[in-house]
Every structure is written in structure tokens, then in C-alpha cells.
């Protein structure tokens, strides 16, 4: 199922700064993400590019197959989530490190598609396309931040299905992770984890080659990913980065905790009360996650600081007053308990993580339309490897990083990116 030991040693130095599916629990994922996983079923290369790597670290290995070759696990594992046709749903990505010395990271974006198969991976249909800024740019690769909303296609047949996440980054690397899900009535777990587990670093530590010829090319300018992202706080080497909030967060500054900002609130729109920026997409965004009821701090608008390129939001979340600061490369939250009975430090930490997740989800420009299953576009799941169905051997043909991000011109489920890079529609001959 996995690459040889020699190949693994070569790709450790080559495969840097990559993401993987975290929720719903991926086939081959660690047990923290997928409760059905066993020690023997965890794939140490789950977050590596398809086709990476041969004995010299080059991207010339064949693809491991649909769902990274884990269809056998779909046959034996129960669905980890139950979704209804047409419902609001979400998936999460993570910078979890599966192999020591090959830390995860966002690659400063890219483009993603998600979709479903009801015939064990023989055919696929698109549910949503994220044209740019997927994963979300910056160094924070935690699931709480890397959360993406979509709608389950309407009219999907009831039963066990495969959910797939595809990622194409600007370095011509492709990724595919899958999860077993239940559509309609079934025995799957609740549709939304209240507090998703934090990824942990793999204990496996293979020997690292001194160098590799297969290194990602970084974009020019200040906004570039690092091959080994530096976490916001001091941690062991190779550990993934997380939001500054944690189960035991540092105490917020006293000034922030006790004083509200002094500025006038803009006139209220009678049609909808919101704390989002004036520039934020004002389309309907009905977030139906039951555990995430957003009690807005009335009259407190968000602010855009053009000099520091940050947005400050204020929310009331689970009896805490929270200040959320969103920057291009990180997000921070500090919450103050307002419950008359008091709150524990652990509760506040969980609330801060929840506030970050809610704010990040608010920041993504979304289209609310769902694809209809019977007319949903077909989904390509084979990219960039030398044996791929679409854009084969892309990295060897074009080793330089793209100055654009991939887009899919689909009739439904499209989520536009942040515009930092121009979008070029996918063409299977574009890297020939």
C-alpha cells in the first residue's frame, strides 16, 4: 500500500509544507481524525503529493490510485459522518505531520474541489469548487481555521458514499484524500464535531536525506509560504502550527479584556444584523451548525486597519465577549467570560478556538447554491502524476511555480478566492 523504505527516505526531504483532509475523518488518517483508523491503517504519506517520489526524490512515481489507494478501508470502515442531501456541511484540512521532518503547511493556497462517489470511486460528481485560496493562505494550518463550507448536492441517493477532497497547488502538485460518509438515514456520527481534535505530530522519524532536487519554488514577494512553517508559539521541531488560542491560553491583555473600543457604529441595516466588514459578501449565509449559534454583540462593527492589513471583529460566543483579529498570515482571538457563574480556563480556550473558526468561515466568500446530483458536473480525480488522466507529468514539464491559481468553470457550487492570484481555468493540456 505504501512506498518502499528507500523511496520514503527520499521523499521526506522533498515533500514539505503539505495539507491533508481532517474532517470528515480520512481513510488512512490518524486516529485523532478518524476514529475507525488502526495503527496499521494509518498512511505515513497521507499528506504527500501524488506521484512523490522516486528513489531520487523526483515526482515520477505512479499514482497510488483513487483515494490514495485506500478503497479497501472504505469497505471495512463505518461512515464517520451523516449528511442529508442539500444540507449545509463543511470539511476541514490540517497541517498534521504524518512523517517526521516533513512538516505540514498551506503552500500559500492553491485550489480545491470536493465531491462524492456512490459507486466506490468508479465515477465522481462535484459538490463545490474553491477557485484559489484553498487552503487558506498563511501559516495557520489548524482545522479550526482551515474550515470550508459547502452544500451536499440535492437529490443524492441514500447510502454510504465516498467524499473526496482534491488539491492542486501552484507547484503542480496534486493531492487526494477520501472519507466514508453516510447520505441520509444511517449509523454515521453527528454531522458536526463540536470541538474537533487537534492534530498531533507523528512519532515516526525516518532518516532525512541531506538534500533533494525536488524542492517547491516559492513565490516572489513577502507573501510566500515556508517549506517548514514557523508556528506562532514555541514548539517542538516539526510540529504543526495552530491558532494562538488553546485549551490553556495565555491571559489576554488587561486593556483588551476590560475596555471596549471607542468608535461609532454605522447605521443598522434593518434587513439583517451583522458584524461583518462592509466589504464582506452580503449574500445569504445561513450557517445551520446547531452548536455554533452566533449571538452577535449588537452594535459592535468590525474594523479594517489598512495600515496593518487586519480586520478586527467582536462577537459574543458561549457567554464570552471575544475580540478576533484576522491578518493575512494569522488569526488571533481573546475572550473574556461574561457568565455570572464564571468560566474555566479550559472553557475559555475552547471558546476562543470556536470564535476563530466562526470568524474564518464568515470571511470566506461563499455561493449558497447547491449542485443537483443528477446534473452535477463530473469530477476529475487524477491530476499531475506521469500517469494522470489530466495534465500528466505537470511538475516535470513545468518545474517553476505558477503565477496563477487553478479554477473550474462549473455551473454550481463555485467559491471564489481572495483575488491575490489570477485564476486560470483548468485545461488538461495546460502543462504539456
Which one of these does residue 137 not meet: (1) surrounded by fewer than 24 Cβ atoms within 10 Å (Cβ to Cβ); (2) at pLDDT 95 or above; (3) under 30 Å from residue 355 (Cα atoms)? (2)
Taking segment 353-380 on its own, how many of its residues are within 19 Å of the chain's Cα centre (by Cα), buried (at least 23 other Cβ atoms within 10 Å of the Cβ) and either farther than 15 Å from residue 147 by Cα or modelled with pLDDT of 90 or more (or both)? 0
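For residue 180, indicate whether it is more than 21 Å from residue 389 (Cβ to Cβ), over 14 Å from the mean Cα position of the chain (by Cα) and at pLDDT 95 or above. Give the steps one after another, and end with the answer.
On the way: more than 21 Å from residue 389 (Cβ to Cβ): yes; over 14 Å from the mean Cα position of the chain (by Cα): yes; at pLDDT 95 or above: yes.
It is true that residue 180 is more than 21 Å from residue 389 (Cβ to Cβ), over 14 Å from the mean Cα position of the chain (by Cα) and at pLDDT 95 or above.
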Can you pull out every residue in segment 403-427 that is surrounded by fewer than 16 Cβ atoms within 10 Å (Cβ to Cβ) and within 19 Å of residue 375 (Cα to Cα)? 409, 411
Is there a residue in segment 124-134 that is in a loop (DSSP other than H, G, I, E, B) and over 19 Å from residue 410 (Cβ atoms)? no
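When you go through 55, 63, 41 one by one, which is the residue that is surrounded by fewer than 23 Cβ atoms within 10 Å (Cβ to Cβ), in a loop (DSSP other than H, G, I, E, B) and modelled with pLDDT of 95 or more?
Details: 55 fails: modelled with pLDDT of 95 or more; 63 fails: modelled with pLDDT of 95 or more.
Among 55, 63, 41, only 41 is surrounded by fewer than 23 Cβ atoms within 10 Å (Cβ to Cβ), in a loop (DSSP other than H, G, I, E, B) and modelled with pLDDT of 95 or more.
The values are calculated or read from the model by the stated rules, or taken from the named source; none is laboratory data. None of the values given here were measured: they were computed from a predicted structure. Positions of Cβ are generated from backbone atoms using ideal geometry, with glycine treated the same way; all protein chains shown enter the neighbour counts.
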